[in-house]
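J.: I'd like to ask you about the structure that follows.
The values are calculated or read from the model by the stated rules, or taken from the named source; none is laboratory data. Note that the structure is a prediction, hence the values are computed from the model and not measured. Cβ atoms come from the backbone with ideal geometry, glycine included; neighbour counts cover every protein chain shown. Side chains are part of the model used for accessible areas, which takes the heavy atoms of the whole protein and leaves out ligands, DNA and RNA. Shrake-Rupley method; radii C 1.70, N 1.55, O 1.52, S 1.80 Å.
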Amino acid sequence: MRNLWFIMILSSFLWSNIGYVSNVKGNADIVRSMHTLKVKSGTKIKLKDKIITQEKSRVKVILKDNTIVTVGANSTFVFDRYKFGNRNNSLLDMQIERGFFRCVSGKIGKLAPEHFKVKTVSSTIGIRGTDFSAALADTYELFKCYRGEISVLNDGKTYIVPQGEQLRLEKKPSFLDKLAPYKFYAGTGTVYNRVYSVSSGWFADNTPTQDETGGISLIAGYQLGNYLAVEGRITTTFFERNYSDLTAYSMFLKPQYPVTDTFSVYGLLGFGNVKVKGYKGNSSSGAHEDVIGKTILDHTEFQWGVGLSYHVTENFSIFADYTSLAKDADIESTLYSYDPAIYHKLSVDGITVGILYSF
């Protein structure tokens, strides 16, 4: 029985009215426990109520001690703790999560100003009998004092804002802010691939066993932040093939560094599969007739690359990079009629130039 009385008293304390809505303009809701209520003039305010206003809306609340709180448009405001008694046990804790509010302190502000607090995302406001406001933007918080004086505690430092003045504090980006934005991107690129056993450098298509082919790469990725992305590629060649018909599948982690607002450098680190089939040749003699259409190489290993990108607009960027897709991988058949003791491995790399679109 004693426990039952305790629960009833506690529930009464938690859910008793602490004020009411004196005026409402536009559309606003109160989130209370697991329920959402439409705000109307006369709506009772209870502890832990969260007021959420829509565009061009405003809600005015009067608490029991005559503290007046006006919640502006596109705002979220919470009444965390409230008790109106004497100097020793009166307190008021409120919180603004986004948007704008203005507050005229009532009797608690006179009885126990040290127990009157309003929290923002990164600051705590204390009062000395005041009429004040706070506005939260993406990159800053703005505090104004119309009467009396307020103190603003931010990042361990206290600022005093006297009557008729204002304080603007720039928001320091958090770890998650630095990782933003999170977004998908997709694009395509023109690929210049080399497939070779013995290399004599780029653009040397007449080198025995070196086939330089042209193709396309389809790209899709997810930007985890300013410094990291996850990216997948599918590459295939379809012109300038001598003996190799190439297909590659790659999955990369993409660490990147923005050198300027528009120019970035990046790396590609991951795994992928490369498949090379014998081809009859587009402009020269192809693979040995015994391997035309058959698999010469089917290999999965670590892949890597480096590249540069340039943001043309907010959504479009162009890039160029080098990728190593396979290195000295064992082949499954002899190339041409060359000595298999020498020409028994293949390497694959490429240069890609393309365009990406961020959603």
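J.: When the label point is put 7 Å from the Cα of Lys110 along its Cα-to-beta-carbon vector, which residues of region 55-80 have a backbone N closer than 16 Å?
T.: 63-68
J.: With every protein chain in place, what's the accessible area of Asp330 (1.4 Å probe, Å², nearest 10)?
T.: For Asp330, solvent-accessible area is about 100 Å².
J.: Give the cross-link partners of Lys172 among the lysines, using a straight C-alpha distance below 23 Å as the criterion and excluding same-chain residues fewer than 8 apart.
T.: Straight-line reach from Lys172, under 23 Å: Lys117, Lys119, Lys144, Lys157, Lys183.
J.: What are the extents of the Cα atoms of the chain along their three principal axes, in Å, largest first?
T.: Its Cα atoms span 100, 54, 36 Å along the three principal axes.
J.: On the accessible surface of the chain, probed at 1.4 Å, how many percent belong to carbon and sulfur atoms?
T.: Looking at the chain in its full context, I get 57 percent from C and S.
J.: If I ignore ligands, DNA and RNA and count only protein heavy atoms, how much of Val312 is accessible to a 1.4 Å probe, in Å² to the nearest 10?
T.: About 90 Å², ignoring ligands and nucleic acids.
J.: Any idea what the relative contact order of the chain is, in percent, if you count C-alpha pairs under 8 Å spaced at least 6 apart?
T.: Reported as a whole number, the value is 9 percent.
J.: Just order 189-195, 240-246, 70-76 by mean Cβ neighbour count inside 10 Å, highest at the front, would you?
T.: 240-246, 189-195, 70-76
J.: Quick one: ranking Glu165, Glu301 by accessible area, 1.4 Å probe, largest first, what do you get?
T.: Sorted descending by solvent-accessible area, the residues read Glu165, Glu301.
J.: Can you sort Lys107, Lys277 by 1.4 Å-probe accessible area, starting with the largest?
T.: So the residues, ranked largest to smallest area, are Lys107, Lys277.
J.: Could you state the accessible area per residue of the chain in Å², with a 1.4 Å probe and every protein chain left in place?
T.: For the chain, the solvent-accessible area averages 53 Å² per residue.
J.: Spin-label point model (7 Å from Cα, Cβ direction): what's the Thr260 to Asp330 distance in nm?
T.: Placing both labels 7 Å beyond Cα along the Cβ direction yields 5.0 nm.
J.: Report the net charge of residues surrounding Ala28, where surrounding means a beta-carbon distance below 10 angstrom and charges are Lys +1, Arg +1, Asp -1, Glu -1.
T.: +3
J.: How much mean residue ellipticity at 222 nm does the chain get from its helices, if each DSSP H run of length 4 or more adds -39500 (n - 2.57) and you divide by all residues, to the nearest 500 deg cm²/dmol?
T.: Calculated from helices alone, the mean residue ellipticity at 222 nm is -2000 deg cm²/dmol.
J.: If you don't mind, another one. Using the Cα atoms of region 51-176, I'd like the radius of gyration and the largest Cα-Cα distance, Dmax, both in angstrom.
T.: Calculated on Cα positions, Rg and Dmax stand at 13.9, 43 Å.
J.: Rank these by accessible area, largest first, 1.4 Å probe: Trp304, Trp202.
T.: Trp304, Trp202
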